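J.: Just dropping this structure here.
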Amino acid sequence: MHLTTKQIVAAALKLPPRKRAALAGRLIRSLENEKQELSPEEWEKAWGEEADRRIRQLREGKVQEIPGEEVMRELWWAAWDSNPRPPA
């Protein structure tokens, strides 16, 4: 069965926060291993587009802001789930 990106995202968004954070971490790490390198200008453009998209979603009420403390707590727990060592 072939899933579309939209279906994968919908399924991922149904995961509990810790599992979503762990998945996000794995996806980000997979990008770090990619051979394709972007130029600084391409990175700047890509992040600018991403920032614009996120701001638009906030303004349209499609997403809600998450306090930084909550994000860091979820990231810590996601890291704990994959490697149970307390932070140094």
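J.: Does the stretch 29-40 contain at least one residue that is surrounded by 11 or more Cβ atoms within 10 Å (Cβ to Cβ) and farther than 17 Å from Glu74 by Cβ? Show your work before the answer.
T.: Of all residues in the stretch 29-40, those surrounded by 11 or more Cβ atoms within 10 Å (Cβ to Cβ) come to 38.
Narrowing the set further to residues that are farther than 17 Å from Glu74 by Cβ leaves 38.
Looking through the stretch 29-40, at least one residue is surrounded by 11 or more Cβ atoms within 10 Å (Cβ to Cβ) and farther than 17 Å from Glu74 by Cβ.
J.: Then there is this: Tell me, which residue of the stretch 27-62 that is among the polar types (S, T, N, Q) and under 22 Å from Ile8 (Cα atoms) is modelled with the highest pLDDT?
T.: Per the stated criteria, the residue is Gln57.
The values are calculated or read from the model by the stated rules, or taken from the named source; none is laboratory data. None of the values given here were measured: they were computed from a predicted structure. Every residue, glycine as well, gets a Cβ built from its backbone with ideal geometry; the counts of neighbours run over all protein chains shown.
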